[in-house]
Amino acid sequence: MPARKKAKPRRTQEEPFRRDRKGRALQEIGATIVAGGKGPSVVEEIAELVQRTCKYRWVGVYKIKRNDFVIEAATNKMKPACPRFPVTQGLSAKAKEERRTVMVPDVRKEPCFLPNFWSTKSEVVVPIIDDEHDRVLGVINVESAEVNAFDKSDRDFLEGVARIIWRALR
């Protein structure tokens, strides 16, 4: 009897699909921005695309206005508990100050976590940096009801979105 080929793990088979889906989403976002897309409605469309692409529970885009983070777009018609808060509070403040992505696998262990939803267990916050003026314009905030919901591929994708979306926030 011939030896059976060992089946590849399911995760490995899905990985190229995920990259393609995320790559297509980044291309779509880039095309929207290149076509002159700006303002809250465009940011809302981008947040919805990000949410659909990765099946995230909630995606929020906050813009900095007068020393506050103010919600510019949110998905799934979910209203965050903190639609506006000072730039000195929460994980968003840490991402802004350090100018880097903050990934928290379990928010219950994070003292500066500012809850938007009682069911949030993990969160990733990505600063949106205006490349022309070298300043943080806001953040992309993604929350999950699962612990350890985000990995390097999520971070890379969201950082790619942030590198494009800043033009729509100006």
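The values are calculated or read from the model by the stated rules, or taken from the named source; none is laboratory data. Bear in mind the structure is a predicted one, so any value in this text is a computation, not a measurement. Here the Cβ is made from the backbone with ideal geometry for all residues, glycine too, and neighbour counts use every protein chain on show. Note: accessible area is taken over every heavy atom of the protein model, side chains too, but ligands, DNA and RNA are not part of it. Shrake-Rupley method; radii C 1.70, N 1.55, O 1.52, S 1.80 Å.
Only protein atoms count toward the accessible area here, which uses a 1.4 Å probe; on the range 119-170, the carbon and sulfur part of that area reaches 41 percent.
Placing a label point 7 Å from the Cα of residue 44 along the Cα-to-Cβ direction, the residues of the range 142-165 with a backbone N closer than 19 Å are 165. Taking the chain as a Gaussian network, where each spring joins two C-alpha atoms under 10 Å apart, which residue of 96, 55, 121 fluctuates the most? Looking only at 96, 55, 121, the largest GNM fluctuation is found for 55.
Under 5 Å from the amide H of residue 113 lies no amide H of any residue 5 or more positions distant or on a separate chain, with H modelled from the backbone and absent for Pro and chain starts.
So what is the relative contact order of the chain, in percent, for Cα pairs below 8 Å that sit 6 or more residues apart?
Relative contact order of the chain: 23 percent.
Length available on full extension from residue 152 to residue 35: 0.36 nm per residue minus the Cα-Cα distance, which gives 39.2 nm. Restricted to Cα atoms, the chain shows a radius of gyration and a Dmax of 17.2, 73 angstrom.
What net charge do the residues around residue 106 carry, taking every other residue with its C-beta under 11 Å from that of residue 106, with Lys and Arg at +1 and Asp and Glu at -1?
Details: positive: 108, 109, 121; negative: 110, 123, 146.
Residues close to residue 106 contribute a combined charge of 0.
Distance between the modelled labels on residue 118 and residue 130, one decimal in nanometres: 3.9 nm (7 Å Cα→Cβ projection). Per residue, the solvent-accessible area of the range 103-153 (1.4 Å probe, heavy atoms of protein chains only, all protein chains present) comes to 50 Å². The residue 24 and residue 66 beta-carbon pair, evaluated with R₀ = 45 Å, returns a calculated FRET efficiency of approximately 0.80. Since only 49, 74, 162 are under comparison, the one whose Cα sits farthest along the positive direction of the charge dipole of the chain, derived from C-beta charges on Lys, Arg, Asp and Glu, is 49.
Just add up the charged neighbours of residue 133: K/R +1, D/E -1, any other residue whose Cβ is under 13 Å from the Cβ of residue 133. That sum, taken over residues with Cβ under 13 Å, equals -1.
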